[in-house]
Amino acid sequence: MGLTIVVGADIAGVNYKETLKADLEADERVTKVIDVGVSPGQDIDYPHVAVDAAKKVAAGEADRALLVCGTGMGMAIAANKVPGIRASVAHDSFSVERLVLSNDAQVLTLGERVIGLQLARRLVREWLGYTFDPSSSSGPKVAAISSYEPKTS
């Protein structure tokens, strides 16, 4: 079964989001793409978009999220406010690989003002190919990160 991916952006990342969304919809590894905004011309502050996307991942409505803003940093900071979410900006192949394989991060953020579109497209393709192995040497480290999450009852 394929992945369900949430995509979102603010006005500074909407152009890349639209292209990356089309790439995801055409990728055989992706079953469903959920777009939480923004649409071209729409201006919603990035924290609202990031948290909406991250909540969908945390609730199990999606496997991963791809978020784009000017730098990727604001989206990552906002998404990480959602319990259970591990999000980071990554602008190179090694970082994208380690984001998943070492950190079991479900959210990749990119900066439209930082990297070129073709690199962003390549990184997203690579990102889809990685799966975290909880039995790896990183398993206990990710469990330790999770142990610091607030407990809900």
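How large a share of the accessible area of the chain, in percent, is made up of carbon and sulfur atoms when the probe is 1.4 Å and the other protein chains stay in place?
Here carbon and sulfur together make up 52 percent of the probe-accessible area.
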Kirkwood-based Rg/Rh on the Cα set of segment 113-153 evaluates to 1.20
Taking Cα atoms, the helix 117-128 axis meets the longest principal axis of the chain at an angle in degrees (rounded to 10) of 30
Each label sits 7 Å from Cα toward the beta-carbon; between Q118 and I77 the label points are separated, in nm, by 3.3
For the chain, the longest principal axis of the Cα atoms and the Cα long axis of helix 14-26 enclose an angle in degrees, to the nearest 10, of 70
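Relative contact order for segment 1-67: what is it in percent, counting Cα pairs under 8 Å that are at least 6 residues apart?
Contact order relative to length: 49 percent.
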The simple spin-label model distance between E126 and M1, using points 7 Å out along Cα→Cβ, in nm, is 2.9
Across all Cα atoms of segment 54-118, Rg and the largest Cα-Cα distance (Dmax), in Å, are 11.2, 32
In Å², rounded to a whole number, the accessible area per residue of the chain with probe 1.4 Å is 50
Shape call for segment 13-95, from the Cα gyration tensor axes a ≥ b ≥ c (a/c under 1.5 means rounded, otherwise prolate when a/b beats b/c, else oblate), comes out rounded
Per the charge dipole of the chain (beta-carbon charges, Lys/Arg positive, Asp/Glu negative, Cα centre), the residue among L101, V33, G70 reaching farthest to the positive end is L101
Beyond 22 Å (Cα-Cα) in this structure, taken from K32/K56; K21/K81; K32/K151; K21/K55, we find K21/K81; K32/K151
Rg/Rh of the chain (Cα atoms, Kirkwood Rh), to two decimals, equals 0.95
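The values are calculated or read from the model by the stated rules, or taken from the named source; none is laboratory data. Bear in mind that the values here come from a model prediction, so they are computed numbers and not experimental data. Backbone-built Cβ (ideal geometry, glycine too); neighbour counts: all protein chains shown. For accessibility, only protein heavy atoms count, side chains too; no ligands or nucleic acids. Shrake-Rupley method; radii C 1.70, N 1.55, O 1.52, S 1.80 Å.
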